[in-house]
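This report concerns only the one structure given below.
The values are calculated or read from the model by the stated rules, or taken from the named source; none is laboratory data. Note that the coordinates shown come from a computational prediction; the quantities given were computed from them, not determined experimentally. FYI the Cβ positions are ideal-geometry reconstructions off the backbone, even for glycines, and counts take in every protein chain you see.
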Protein chains: 2
Amino acid sequence: MKNKELFLINWICKQAVQRVPRGRKSTIRLGIGDDAAILASPPNGRELLITTDLVVEGAHFQPDTHPARALGHKVLARGLSDIAAMGGTPLYCLLSLCLPSWAGREWLKQFYQGLFDLARGSRVALVGGDLAAGRLFAADIVVIGSAPRGRALRRSGARPGDILYVSGPLGGSALGLERLAQGRSAKDPAVRRHLYPQPRLDVRLAAATAAMDISDGLSLDLYRLTRASRVGADVQSAGIPLWPGASLDQALHGGEDYELLFTLPTGRRPPRGSTAIGAITARRRLTLDNKPLPIQGFQHDL
Amino acid sequence: MKNKELFLINWICKQAVQRVPRGRKSTIRLGIGDDAAILASPPNGRELLITTDLVVEGAHFQPDTHPARALGHKVLARGLSDIAAMGGTPLYCLLSLCLPSWAGREWLKQFYQGLFDLARGSRVALVGGDLAAGRLFAADIVVIGSAPRGRALRRSGARPGDILYVSGPLGGSALGLERLAQGRSAKDPAVRRHLYPQPRLDVRLAAATAAMDISDGLSLDLYRLTRASRVGADVQSAGIPLWPGASLDQALHGGEDYELLFTLPTGRRPPRGSTAIGAITARRRLTLDNKPLPIQGFQHDL
């Protein structure tokens, strides 16, 4: 019974148990290691949120330039960002990994280090997962959270007249990816932005009518939000906050900034650091400076 | 905005919404299609169960011999089997897919057909998921269920003196895999057993002290159960129920039968169809007919 799978499972389980954040232990009846995790139901008055997000070698990262620790961080950050976009609180995560031979023991320890560091900061416990061998690296993160009953934010709530906001500067991740390919390190703020995106769990969205996170680019994600809400939007390029050095094109179509895109009724004060970039319209089309907005964000070549 | 990803997402979302089982609708506040699903908390007195299971091309199936519909069935069956092993009721699932170019539109429809057919029979709703392109097929299924508070079954509860049971015949899936490779179809009961395993959600485990599902083979899974319980076990080969035509070796090490392995205190009547195969011992070793039990079940070559 000595092999890499068993070693790895034992190591991960041990790490996961040691690293359950304080305050999270009391609701975990049974953590990682059995057929399923057993969790206390969220208290009365709260609903469950659940999201899953898949990161695949080649499509979402290049193994030769993406550090293992940054990848572990990014995998969890994407799931947490979905919970942030719902106005929720993340509680638990599960991780399934498809592991190619190049992902050795040291690389995996670094990967989990990145994941556990972000989990601690976000008070999230790893309560399950699965491992399999395969010809490429794939990671599927599941994040479970909760929100007050009836208050979780959907993409579908934007109404004509609402003001459209983003929670922070855009284009930094695309710029960082460019610089990473040129060999720059995480000392460069844009590279750091790309490698260690921060899910915006801190943005207070209580008054928002609709929200989503910007993972595939402002243009594509705005298309999705307005489509779900059956509305359109007029965006002003002058309003879009650019990451220092990033182009408008990177801000519009770059993706992976993990800022939040949300709408507020007129007259509502936006959360600190947010910027109005346009308005929601009844007419179902998207414009940028009164011309059609091109939609070019990241899409999988399925 | 016309491409395969968008088409596929729209098609899956539409199917998922149409196929929510009756009685499940009232607890789904928001199903597939947003950043996260919103679900009502299980009622007071019940706890949450959550499991994730990864199926990878090459490791778990061969695309040239495994029909798409059977694969969709199997992916969900594996997750449901984990919930069955906890003595729980499955409620919702989420599915992440890594899709290679060979998985075309028709293949994917068949795949989802298999998944949705089993979901309906098990009263499980698909409430989320993710898609990405990659060089191989990988599917990560998440199943959420519930169980009465404090009553979910763990691997760790077996006590010396308990009787060890399996819920049904073993070795059929290994035999079916062999016959599938020889070109036999699902008309063969063993091939059907391999292609369409039935998660044992029907087995009444209320009195069990420990349980798990047999996915990687009796020997390896028994090793895991006894290790978690800090006990050993004496197994009698004459007691092991064999699938018609299967060898003892296939029953011991074949895997993928998805029967349940569980322990009951002596004197307890077992669920119908279950068979006693041995007894739990304080001495932490495994024997088969008083000789050391070889442990050879399926393990990933990580």
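Is it the case that the range B:49-56 has a residue that's touching a helix residue (DSSP H, G or I) at 6+ places or on another chain (Cβ under 9 Å) and either among the polar types (S, T, N, Q) or more than 9 Å from every other protein chain (Cβ to nearest Cβ) (or both)? Yes, there is a match, as at least one residue in the range B:49-56 is touching a helix residue (DSSP H, G or I) at 6+ places or on another chain (Cβ under 9 Å) and either among the polar types (S, T, N, Q) or more than 9 Å from every other protein chain (Cβ to nearest Cβ) (or both). Checking each residue of the range A:132-141 against the condition of being more than 8 Å from chain B (Cβ to nearest Cβ) and more than 21 Å from B:Phe137 (Cα to Cα) gives no match. Among residues of the range A:244-264 that are charged (D, E, K, R), those with a Cβ under 6 angstrom from a residue that is not in a strand (DSSP E or B), sequence gap 6+ or separate chain, pair up as A:Glu256/A:Ser173; A:Asp257/A:Ser173; A:Asp257/A:Ile214; A:Glu259/A:Ser167; A:Glu259/A:Gly168; A:Glu259/A:Ile214. Any chance you could count how many residues in the range B:34-46 are assigned to a loop (DSSP other than H, G, I, E, B) and in contact (Cβ under 8 Å) with a residue 60 or more places away in the chain? Adding up the residues that qualify gives 3. Residues in the range B:134-150 that are of a type outside the set (A, V, I, L, M, F, W, C) and within 20 Å of the chain's Cα centre (by Cα): B:Asp140, B:Gly145, B:Ser146. Restricting attention to the range A:7-28, does a residue exist that is at pLDDT below 95, assigned to a helix (DSSP H, G or I) and at the interface with chain B (Cβ under 8 Å from one of its Cβ atoms)? Checking the range A:7-28: at least one residue is at pLDDT below 95, assigned to a helix (DSSP H, G or I) and at the interface with chain B (Cβ under 8 Å from one of its Cβ atoms).
Could you tell me whether any residue of the range B:58-72 is over 15 Å from the mean Cα position of the chain (by Cα), of a type outside the set (Phe, Trp, Tyr), closer than 21 Å to B:Leu8 by Cα and facing chain A (nearest Cβ under 7 Å)? There is no residue in the range B:58-72 that is over 15 Å from the mean Cα position of the chain (by Cα), of a type outside the set (Phe, Trp, Tyr), closer than 21 Å to B:Leu8 by Cα and facing chain A (nearest Cβ under 7 Å).
Please enumerate the residues belonging to the range A:101-155 that are touching a helix residue (DSSP H, G or I) at 6+ places or on another chain (Cβ under 9 Å) and of a type in the set (Phe, Trp, Tyr). Within the range A:101-155, A:Trp107, A:Phe111, A:Tyr112, A:Phe116, A:Phe137 qualify. For the range A:101-109, does any single residue satisfy the condition of being surrounded by 20 or more Cβ atoms within 10 Å (Cβ to Cβ), over 18 Å from B:Ala37 (Cα atoms), assigned by TED's automatic domain parsing to the domain that holds A:Leu8 and in contact with a Ser or Thr (Cβ under 7 Å, 6 or more places away or on another chain)? No.
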